[in-house]
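Shown next, in structure tokens, is the structure this report addresses.
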Amino acid sequence: MKTTQKQLEDMILAIGGEEALPVYKALHGKENVNEFLLAAKLKMTINQLRNTLYKFDAYNLVSSTRKKDRKKGWYIYFWTFNEGRADEVVLRLKREKLELLRKQLEREESHQFYLCPSKDIRTTLENAMEMEFICPECGQLLALEDNGRNLNRIKKDIWTLEKEIGDTSAEAEEVAA
Ligand SMILES: [Zn+2]
């Protein structure tokens, strides 16, 4: 499976939040972009911009070179987005999410949950017993939740992710062969 633009942008958002997307788009397809010009273009302060770039850097998604500005005496960094790394990071985030969903599924399957009719709280049997099955917010009786729907949703998400990750590694093996 080839990483789509949408998956790539989702990954950028997951790593750097909303403000990271314009930074990625401005770097995309270019090399050694002057950070001061980039900040001016995106109407960000240099610190805001660097914050985002450091988040990318934590995943090795960017590389930089620096030059000293002789007149001002400070360093200017020139940034390049590592397009080749992006696929790996997309895959890595998917694996992390899969791991999380599997833990969630395990928790859902091994506990019964009790729910306030007004949905103030959702809690395990153990906690519900401590509360004597009374919602601390509204005083209504907590009811045993049928979490079948939840389980199905998590299982479906796991299945989708496993399929995506499986396809990706199969393709990587093809390339390697
Ligand atoms: Zn309640």
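The values are calculated or read from the model by the stated rules, or taken from the named source; none is laboratory data. Worth saying up front: this structure is predicted, and the values here are computed from it rather than measured. Here the Cβ is made from the backbone with ideal geometry for all residues, glycine too, and neighbour counts use every protein chain on show. What goes into the accessible areas is simple: the full protein's heavy atoms, side chains included, and nothing from ligands, DNA or RNA. Shrake-Rupley method; radii C 1.70, N 1.55, O 1.52, S 1.80 Å.
Descriptive notes on the structure:
- The residue among 117, 131, 104 whose Cα reaches farthest toward the positive pole of the charge dipole of the chain, with charges on the beta-carbon of Lys, Arg, Asp and Glu, is 104.
- Cross-link partners of residue 163 among lysines (Cα-Cα below 19 Å; sequence separation of 8 or more within a chain): 2, 6, 94, 97, 103, 155
- Only Cα sites of the chain enter the Debye sum here, all with the same form factor; the resulting log10 I(q)/I(0) across q = 0.20 1/Å is -1.21, listed in q order.
- Peptides 118-125, 103-110, 20-27 ranked from most to least packed, by the mean per-residue count of other Cβ atoms within 10 Å: 20-27, 118-125, 103-110.
- For region 28-90, with +1 on Lys and Arg beta carbons and -1 on Asp and Glu, the positive-most of 58, 37, 84 along the dipole: 37
- Computing Rg and the Kirkwood Rh from the Cα coordinates of region 100-172 gives a ratio, Rg/Rh, of 1.20.
- Taking Cα centre as origin and charging only the Cβ of basic (Lys, Arg, +1) and acidic (Asp, Glu, -1) residues, the dipole magnitude of the chain rounds to 1420 debye.
- Karplus-derived 3J(HN,Hα), 6.51/-1.76/1.60, for each residue of region 113-118, Hz, glycine and proline x: 10, 10, 10, 6, x, 8
- When each of the peptides 67-76, 88-97 is scored by the mean number of other C-beta atoms lying within 10 Å of its residues, the order from highest to lowest reads 88-97, 67-76.
- Rounded percent of accessible protein surface that carbon and sulfur make up, region 5-81, 1.4 Å probe: 52 percent
- Amide H contacts for residue 62 (H built 1.01 Å from N in the peptide plane; partners 5 or more residues away or on another chain; cut-off under 5 Å): 57, 82.
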